[in-house]
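For reference, the structure is listed below as structure tokens.
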Amino acid sequence: MSKAEQKIVQYLMEAHASEVGLVRDLQAQIAMTPRGNYRTALETHLRETRDHAKRLKNRSSSLGAGDSVVQTAVGLAEDAVSQILALGKAPLALLRGSTGEEKILKNAKDACATEALEIATYTAIEQLARSVGDDVTAELAIKIRGEEERMLERVMREIPKLAAVIVAAEHDSSYEITETGAADTVREVADAGKQAARKAQGKARRTARGARKIPGVAFAEGEIKGAVASEGNLAIPSYDKLTAAEVLDRLGDLSQIELAKVDAYERRNGNRSTILNKIIILRGQEPWPGYDELNVEEIRKALSGSNDERVSEVRSYERSHKNRAGVIQLTEREMAHA
């Protein structure tokens, strides 16, 4: 799998994460929206969003990543992205604004931002796919983007109507949140989200190590985690307090997953070119898929009977990354006995 193809799979996984999270967000919005054109639009888009998630999952699998990789990504996606949407944003929707009408308008504004982000994501996926001649993925991105664009247009048409009734609703709200079932539904969404998070975490832990043995998966996993990581989730302590030079000194100790998390976090925050460029240099392929997951004894067993080229490759990669003395000494002994 080429780097471009790995990047396509990564983007498909990230898009899948967003769609899974949006399903729960839409469920909460529908519950607090009175029947009418806007609720109908939300219900239609909920069906489309479920279909998007299914298609993205199937396409990721068919690109050669393998079912284990896709299942791991699904678990990571639900844990890292969809749970934040479901558990963080949806319950807060009940508290926004002083009337039900204002709450709906605020949710509609958020929906516009979400749709715009998804449109940009699928535009990027289409371009990446075209660059490697993957017409199937490109056409899938075009189809999904078209549905996102239509949803954005529908929401934009509804916003003036929703805004027009807010002043009147301040004095005489046309409906009560409690009558829409919003509180119960959001609570059900949150409970389901918590259960899915626990299930996803357990499944991800059981399958992640095996999935990382496929080229490119480790970095894709790190990017997904890093997209929503906080400073405390990074392998470099007190990251936000460090200068660029101090971060650069620590990057060589990180695995491919840890580098990817720092890369995604840095792009969301400081976006310092010196750090990002250094990560690009360190993003060399592991001596073999899953290498970063191994300890010294496991590496010793893997190198038993290997040729000089493989041993030299391990030594070079180790010196540029974790620089573990035990591994360096091991490679020197292997080369001396060759």
Checking residue 95 against (1) at pLDDT 80 or above; (2) surrounded by fewer than 22 Cβ atoms within 10 Å (Cβ to Cβ); (3) more than 15 Å from residue 14 (Cα to Cα), the condition it does not meet
(1)
Sole miss for residue 73 among (1) at pLDDT below 80; (2) in a helix (DSSP H, G or I); (3) surrounded by fewer than 18 Cβ atoms within 10 Å (Cβ to Cβ) is condition (3)
Here is a check on your reading of the model: is residue 253 closer than 26 Å to residue 6 by Cα and of a type outside the set (Val, Ile, Thr)?
yes
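Taking into account only those residues within region 1-46 that are among the small types (Gly, Ala, Ser) and under 19 Å from the mean Cα position of the chain (by Cα), which is surrounded by the fewest Cβ atoms within 10 Å (Cβ to Cβ)?
The selected residue is 4.
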Residues that are under 24 Å from the mean Cα position of the chain (by Cα) and touching a residue at least 24 places away in the same chain (Cβ under 8 Å): find the helices (runs of 4 or more DSSP H) completely inside region 229-338 holding 2 or more of those.
244-251, 256-268, 273-282
Starting from residues that are farther than 21 Å from residue 258 by Cβ and aliphatic (A, V, I, L, M), keep the ones in region 303-334 and report whichever is modelled with the lowest pLDDT.
303
Subset of region 108-120 (residues that are under 22 Å from the mean Cα position of the chain (by Cα) and surrounded by 19 or more Cβ atoms within 10 Å (Cβ to Cβ)):
111, 114, 115, 118
Members of region 126-158 that are surrounded by 18 or more Cβ atoms within 10 Å (Cβ to Cβ), aliphatic (A, V, I, L, M) and out of contact with any Lys or Arg (no Cβ under 9 Å at 6 or more places or on another chain)
129, 141, 151, 152
Filter region 8-49 down to the residues that are at pLDDT 85 or above and of a type in the set (Lys, Arg) and list them by number.
39, 47
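The values are calculated or read from the model by the stated rules, or taken from the named source; none is laboratory data. Bear in mind that the values here come from a model prediction, so they are computed numbers and not experimental data. Cβ: placed from backbone, ideal geometry, glycine included. Neighbour counts: every protein chain shown.
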